[in-house]
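These notes are about the structure you will find just below.
The values are calculated or read from the model by the stated rules, or taken from the named source; none is laboratory data. Not measured: the values here are computed from a predicted model. Counting neighbours? That spans all protein chains shown, and the Cβs are built from the backbone with ideal geometry, glycine included.
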Amino acid sequence: MAASIREKQTAALKRMLNFNTPPLKNTTAEPVWKVLIYDRFGQDIISPLLSVKELRDMGITLHLLLHSDRDPIPDVPAIYFVMPTEENIDRICQDLRNQLYESYYLNFISAISRSKLEDIASAALGANAVNQVTKVFDQYLNFITLEDDMFVLCNQNKEQISYHAINKPDIMDTDMEVIMDTIVDSLFCYFVTLGAVPIIRCPRGNAAEMVAVKLDKKLRENLRDARNSLFTGDTMGAGQFSFQRPLFVLADRNLDLATPLHHTWTYQALIHDVLDFHLNRVTLEESLGSETGARPKKKTKKSYDLTAADGFWQKHKGSPFPEVAESVQEELDKYRAQEDEVKRLKSIMGLEGEDEGAISMLSDNTAKLTSAVSSLPELLEKKRLIDLHTNVATAVLDHIKSRKLDVYFEYEEKLMSKSTLDKSLLDIISDPDAGTPEDKMRLFLIFYITAQQPPSEGDLEQYKKALTDAGCDLSPLNYIKQWKAFTKMAAAPASYGNSGVKPMGLFSRVMNTGSQFVMEGVKNLVLKQHNLPVTRILDNLMDMKSNPETDDYRYFDPKMLRGSESSIPRNKNPFQEAIVFVVGGGNYIEYQNLVDYTKAKQGKRVMYGCSELFSAAQFIKQLSQLGQK
Amino acid sequence: MNTRRRHGPRGSQEGVYTGPSQTQSQLVPPLEAPLAVSLVPPVDTSTMSCRDRTSEFQSVCKSLQGRQNGEQAIKSVPSVVKQRSDFTLMAKRIGRDLSNTFAKLEKLTILAKRKSLFDDKAVEIDELTYIVKQDINSLNKQIAELQHLVRSRNSHTSRHLHTHSNTIVVSLQSKLASMSSDFKSVLEVRTENLKQQRSRQEQFSQSPASAPSFHSGLSNSVLMQDDSNKADVSIDMDLRSSHQMQLINEKDSFIEDRANTMQNIESTIVELGSIFQQLAHMVKEQEETVQRIDANVEDTQLNVDLAHTEILKYFQSVSNNRWLLIKIFLILIIFFFVFVVFMA
């Protein structure tokens, strides 16, 4: 598995856009122009991977939504990339009847069922368009890749498979079946695109186990059917000799509820927590105009893309925030130096133009000018990225300062590592200008979750009063109480490992004059490495360590002929590759933790996936919905 | 035949299609073989992570057709006659010419990179250069014609067709620009190689050029020694002619140097021209630097929200107004009734 999942999915998309033949590398091929039509699912899948410019390079002149008004373009082939739902099929049949395009290449994101295929066939017959439907493909791309090693299931109707939907008390069996089927379908597509059959391990007794059982069954059925299997030849092709199969760990959100509520300090996770961050796109509200009383400020929304091509982002995604601020400053200085050089060149050119007879000088200067001109796009791009990161980091810093997030972070780290607390919880909660009510609720919930014994009734009442004074809603607390009671029956609550947080003094080191990141009063906290529960479980399973937590996990191997119920792993070697999937939702903090873990261990590759990606605010909302029932 | 199961159990309908069912197994193989030959291209599908359902689709169509007694089958052929607009034809032609010129440019690149001293195919390179230059010019003109055609058709076409045509023109232009910048770099490489060759030739041919004069000098001296008495005049003439030869050589080399510098100047001017072209192209390309598919959708949503608020405000004002109007009307009607009662 040398290529990351992002590259594989991008390659699959590009192949699809090239009419499902492998794309040719040379530029001597004749350009063919086509139109791309997608639905919202397809849009979410394509947007993080291919920009409009790349689509243009592949010959796509127009990209349109399926359910919009489309004009006929009679001599162009059209590529459809949609989910095989009823409405989409109806719309496609309508298109066929209206004869909008010359030829149709239908690509379905996940497998289309037989009856829907017959629907399309009858519509095509009715419209005399059978020859126009040139190809029908099942693409098996029903997942969204956000990073090289991170994927999410779906974005459009994520309420259906959210934590709330899975854990609500009045859930019906049929609903659960539907949710499980959706998750298993996407995971199956993921493994088909990855091209490997994993060994599955999951804990007992929760949603993760159901997903594992179904996924095992589906993989097994597909492997059994040798003629139609999607996995033959995949692992042997292109010189990828991975004799080892990857490990697929299914975790359930319920084993660690503190991490989604945790306040964070790394760049990417902060952006996700504090700003509006969706599918690798940040949306900032910038207000123009002064603060005059009567007129409301005009707020414009600016959105920025944080892509793989952005070198600064790739380097600093996981670094603590003060480091990011410093690095932005460094980049800015470097850019200014380069800009000055180009300006100097301009003045030199002006002088040399008067010198006659120095033809060699002229050609040398042309070379310089050529190099300067060709480096201009790079410089402009750099400037744009620096501007982007400056804006984003400033917005994050504003939030940190106004909500005193560093205080919360430090306190929560101490709570989670059970080290001594210097301030009492009550002080922070009743502090009026430290954070929004949501922040206080998060802090309290983490305290409640990580406490060894629940606080006494008197203390609890005190806390509740302080919280309601601060304006918090107490319904998540009900749910957490239930959850805690439930997990106490099952196992001991997960410990969070040792971590230390060293504050580096009240004033940060970033105090250059002219620096935009004046972080007075914000503590410069340094993170020490610690392992979240998910990382620890992964560590145990990958290295086959025996640990009371993970010994009880079930073991599935779809390639074995007969499914065994035992949980004794047949494979005794430690795994080199692993995929962690959290059923019920995940977030960037866990992802960052896994990335750090991978960096510490040489030669191991870990990928992270979750059924939905939520920020702490969204999670609190789901918890309060659950607590109100 | 598979009966259609619209409301059947979901498990059997969704998910992976694991092979044709038993009833169809006899139908599928004889159908698939001729279909496979004619329709499915010989592509190695073993490394692809997708599944081709085209043959299945075709078989379903055939079976449905059979059910409808083949009435429709005859009609299907003539309606599929491809009506291509002249825009598409022209664009296709330009695309083909572009790809041909690219191939020629690649050949030229290979030739120009050769650094051997003696096997220099100067004639071929010059010919190819001339041909490529002509091609680029003609492509430029063709693309300009295409753009003119698109603009003249502006009013008649729908907005999607319009965007489509514009995008095609822009992509053709950008391909041409990249090709001309490649051409320029090939020319640069060629001039570099020429310069190197000249300098090496000069190094090698300096010594042979001086050797004959040496030899002639020696022979002259021998002659002089032999025929010093009789052939003074002829020897003098010989000496002078050798001097003249040297002079002529020097003049030649001087002229050659001049020619070199002229070539340099010309190439430099060409470079500058193309640099300006590049600049203009960059300005044009700013239009679509980094966009995303969903940018438009979000923009329109924002606009729709703003419009919605504006409309609400207007509605508020209008409805407020209406309340007043209604009140006034009521009062008027009451007065009217009072009057009528009093009068009557």
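Points worth noting:
- Some residue of the range B:49-66 being modelled with pLDDT under 75, surrounded by fewer than 18 Cβ atoms within 10 Å (Cβ to Cβ) and facing chain A (nearest Cβ under 9 Å): no
- For the range A:83-122, the set of residues classified as in contact with a strand residue (DSSP E or B) (Cβ under 8 Å, 6 or more places away or on another chain), closer than 26 Å to A:LEU153 by Cα and in contact (Cβ under 8 Å) with a residue 24 or more places away in the chain consists of A:MET83, A:PRO84, A:ASN88, A:ILE92, A:TYR105, A:LEU106, A:ASN107, A:PHE108, A:ILE109, A:SER110, A:ALA111, A:ILE112, listed by residue number.
- Looking only at the range A:109-128, and only at residues there that are in a loop (DSSP other than H, G, I, E, B) and more than 8 Å from every other protein chain (Cβ to nearest Cβ), the one that is surrounded by the most Cβ atoms within 10 Å (Cβ to Cβ): A:ILE109
- Test: residue in the range A:466-473 that is surrounded by fewer than 19 Cβ atoms within 10 Å (Cβ to Cβ) and not in a helix (DSSP H, G or I): yes
- Residues of the range B:263-305 satisfying the condition of being modelled with pLDDT of 70 or more, more than 10 Å from chain A (Cβ to nearest Cβ) and loosely packed, with under 13 Cβ neighbours inside 10 Å: B:GLU266, B:GLY273, B:ALA280, B:THR300, B:GLN301, B:ASN303, B:VAL304, B:ASP305
- When residues of the range A:281-302 are limited to those that are at pLDDT 85 or above and over 15 Å from A:ALA393 (Cβ atoms), the one farthest from the chain's Cα centre (by Cα): A:THR283
- Residue list for the range A:580-597, restricted to those being buried (at least 24 other Cβ atoms within 10 Å of the Cβ), assigned to a helix (DSSP H, G or I) and of a type in the set (Phe, Trp, Tyr): A:TYR588, A:TYR591
- All positions within the range A:453-473 that are within 26 Å of A:ASN254 (Cα to Cα) and either touching a residue at least 40 places away in the same chain (Cβ under 8 Å) or touching a strand residue (DSSP E or B) at 6+ places or on another chain (Cβ under 7 Å) (or both): A:ASP473
- With respect to the conditions (1) at the interface with chain B (Cβ under 7 Å from one of its Cβ atoms); (2) assigned to a strand (DSSP E or B); (3) among the hydrophobic types (A, V, I, L, M, F, W, C), A:LEU106 falls short on a single one, namely (1).
- For the range A:142-150, the condition of being of a type in the set (Ser, Thr, Tyr), within 12 Å of chain B (Cβ to nearest Cβ) and not in a loop (DSSP other than H, G, I, E, B) holds for none of the residues.
Results for (1) outside any helix (DSSP H, G or I); (2) more than 14 Å from chain B (Cβ to nearest Cβ); (3) over 30 Å from A:LYS315 (Cβ atoms); (4) in contact with a His (Cβ under 7 Å, 6 or more places away or on another chain), shown as yes or no for each residue.
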{"site": "A:ASN131", "(1), (2), (3), (4)": "yes, no, yes, no"}
{"site": "A:ASN155", "(1), (2), (3), (4)": "yes, no, no, no"}
{"site": "A:VAL178", "(1), (2), (3), (4)": "no, no, yes, no"}
{"site": "A:THR182", "(1), (2), (3), (4)": "no, no, yes, no"}
{"site": "A:SER186", "(1), (2), (3), (4)": "no, no, yes, no"}
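- In the set A:GLY585, A:GLY609, only one residue is within 14 Å of the chain's Cα centre (by Cα) and modelled with pLDDT under 85; that residue is A:GLY585.
- For the range A:75-103, taking the residues that are acidic (Asp, Glu) and within 11 Å of another protein chain (Cβ to nearest Cβ), the one that is nearest to the chain's Cα centre (by Cα) is identified as A:GLU86.
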